[in-house]
Amino acid sequence: MIIISFKKNYLFLFVFVSFYFCQNLFSQTVKDTTALSEVVLISSQINNTLQNKATSVSVLSANDLMQNDGVILTSTLNKVPGLFMQQGAINTNRITIRGVGARSQFSTNRLKAYFNDIPLSNAEGETIIEDIDLETIERIEIIKGPNATSFGSGLGGVISMYGKEINPENSFAKAGTTLGSFGLYKQTLTVAHGMEKASVFANFSSLESEGFRDNSSYDRKSFNLNGNFRLNEKGMLSYIGIFTRLKAFIPSSLNAEDFAQNPEIAASNWAAAQGFESYDKLLLGLGYRHQFSEKWDFTSGVFFNLKEAYEPRPFDILDEYTSSIGFRGKLNFKDQFITFPIELSLGTEVLVEDYTFSLIENLYQAQPGQGSVPGEAFAEVDQQRNYANFFLQMNTRLSEKLLLEKGISLNATRYTLKDMFTGGNTTQDGAYTFNNVWSPSIGLSYQIVPGKNVYTALSRGFSIPSVAETLTPEGEINTDLKPEVGANYEVGFKMNWLSNALYTEVSFYSTQIKNLLVARRIAEDQFVGNQCR
C-alpha cells in the first residue's frame, strides 16, 4: 500500500519534502486544492482574493467539513496549520491560534468567532463554536494572528463561519442518522427552499452520547434557521436564528494513578455530585445590505443573545443568566485617487451585555446518592459589559501587481459590577474602564508572476482581561491590569502550482506580546490574573 500511494502521489510528496524544512522554521504551510487564487474572502471588509490578501488565511470548504465524524469540528480544524483545538469532551474544548489562547483554563478566549457576521464571542471574549451543527456550515475562513483590526479584541485571530446558501429554484429535504461508539447517536433533519427573490434553510439536530467515562453523558438539541429576501434591486434582507439546549455531565480530571489504571472513571467528587452543565441559548440576527451605487454600499446587522445556564459542581452550584444586544455595520466606498484605485471601509461593532450569576450551596455530601442538592444561595453578582470597536480600512492598488492594505481600529471596553447579595455595599462594586486601545495594521502584496505572490504585514492586536481575571483574592477590581497587546511581524508566499491544482502558502511570523496575562488559581473555582510586564 505504501508503494502504490507513493507512485500515485510522487509529485505531492516532492512538494511536501521541499517545504518541510521551512515548516520547521516557524512557518506555516497550507495545501488545499479548494483554496485557489480565485477564492474571494467573504470575511474581508473589502472584497479581496485569497491570493492577494496580505495576511495568512485558511479557507475550509463544504467538502473539507464533510471529511470528519460529523459530530464536531476538532479533526477538521486541527488540519489547519497554526491552529490547535483540544477536546476533553464534546462540550469541553479549547482553540489556540499561533499559541494564543493556550493559557485559558476551560474554554476558548483571546480570539473572535462569527457566524454569518454575527459574533459568537461574548463581551469578555469567550467563544463557543461546538454548538454549531456541522450540517449548517458551508464555509469557514480563519485569519491567523492579530491581522484583523476590523474585528476588535482578538489577539489570536478570527474564525468566520458561514451557513448554507440555497440557490434559486433549488429545494430539498433530507434526514441523516449517525451511530458511533460509547452510545453516540445523532439525528439530523434539514429542509431548504430557494426562490428567485428569497431562500430559507432550516436544520434540526439531536446529538446524544453516553461517553467513554463515567458521568460523561451528553445530550444536545439544536435548531438553525437562516435565509435571505431580496427587497429590490439594491436591497437585501437576511436573517438567522439558532437555538441550543444542552445537558452535558462532567467527569472532570483524574490523578496520574487513576488515569493509568482506570481512565474511564470520573473524579470522585464530580461523580458523587453528578456534576453537569446545562443551558438554553438563543441567537437571533437580522442583516440588511444596500447597494447605493457602483461606488457606495452599506452592510449592517443587529443581533441578540440570550443564555440561561445551570451548573452543579462539587464546591457549589452556578446559576447564570446572560443577555446581550449588539450592532455591526460598515460603509464601503471605491473610487480612483489620482491614478490609484482605492477601496475604503468604515464601520463599527457595538455590544452591550448583562451577566448575572448566583452561587448556591451544594448539599450532595449531606444526602449521598442523590447527586447535587441545592441549598442556600451565598452570592449574587450582576455585571454590565460594554464593548465598542470602530474601524477604518483602505486598500490602494499602487500598480497592477502591488496592493497596499492599511487599517486602524479603536476599542473601548467598560465593566460595571454590583453585588446583589449584599445590596451593593462591598468593595467588589464599581466600574472598570480600560484605556482606549488603538490597533493599526499595514500590509503589502506583490504578484511576482501570475499565481505567485509574496506579502509582508505589520499589525498590532489586543485582548481584554475577563471580569473574573480582574478581581483580586479580596474581591476588589485590580485596576493595574492592562489589555494584552501584541505586535505581529510577518512575511509570506502564496503560490499556485500544476495549473492551479495545488495551492501552497508559507508564512514566517513573530508575535511579541506585552502585558501577558497568566491566571493563578487561589481556590477550587477561583482564578486571579497576574500580568507579565
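What the table below lists for this structure:
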{"read-out": "Total residues in segment 73-93, condition farther than 23 Å from Gly492 by Cβ and assigned to a loop (DSSP other than H, G, I, E, B)", "value": "3"}
{"read-out": "Test for Asp64: is it over 22 Å from Leu516 (Cβ atoms), assigned to a loop (DSSP other than H, G, I, E, B) and charged (D, E, K, R)", "value": "no"}
{"read-out": "Counted residues, segment 357-373 - those being farther than 21 Å from Leu120 by Cβ and in a strand (DSSP E or B)", "value": "5"}
{"read-out": "The listed residue being modelled with pLDDT of 80 or more and among the polar types (S, T, N, Q), out of Ser61, Ser37", "value": "Ser61"}
{"read-out": "Filter pass, Ile338 being within 24 Å of Ile464 (Cβ to Cβ) and surrounded by fewer than 16 Cβ atoms within 10 Å (Cβ to Cβ)", "value": "no"}
{"read-out": "Selection from segment 153-170 of residues that are polar (S, T, N, Q), part of a loop (DSSP other than H, G, I, E, B) and either surrounded by fewer than 20 Cβ atoms within 10 Å (Cβ to Cβ) or modelled with pLDDT of 85 or more (or both)", "value": "Asn167, Asn170"}
{"read-out": "Meets criteria (in contact with a Leu (Cβ under 6 Å, 6 or more places away or on another chain), at negative phi and either at pLDDT 90 or above or not acidic (Asp, Glu) (or both)) for Ala173", "value": "no"}
{"read-out": "Qualifying positions in segment 94-126 - among the hydrophobic types (A, V, I, L, M, F, W, C) and either part of a loop (DSSP other than H, G, I, E, B) or in contact (Cβ under 8 Å) with a residue 60 or more places away in the chain (or both)", "value": "Ile95, Ile97, Val100, Ala102, Phe106, Leu111, Phe115, Ile118, Leu120, Ala123"}
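Okay, residues lined up against (1) surrounded by 15 or more Cβ atoms within 10 Å (Cβ to Cβ); (2) assigned to a strand (DSSP E or B); (3) in contact (Cβ under 8 Å) with a residue 60 or more places away in the chain:
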| site | (1), (2), (3) |
| --- | --- |
| Tyr387 | yes, yes, yes |
| Asn395 | yes, yes, yes |
| Glu400 | no, no, no |
| Leu403 | yes, yes, yes |
| Lys406 | yes, yes, no |
| Thr422 | no, no, no |
| Tyr432 | yes, yes, no |
| Tyr446 | yes, yes, no |
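The values are calculated or read from the model by the stated rules, or taken from the named source; none is laboratory data. Everything numeric here is computed off the predicted structure, so don't read it as measured data. Positions of Cβ are generated from backbone atoms using ideal geometry, with glycine treated the same way; all protein chains shown enter the neighbour counts.
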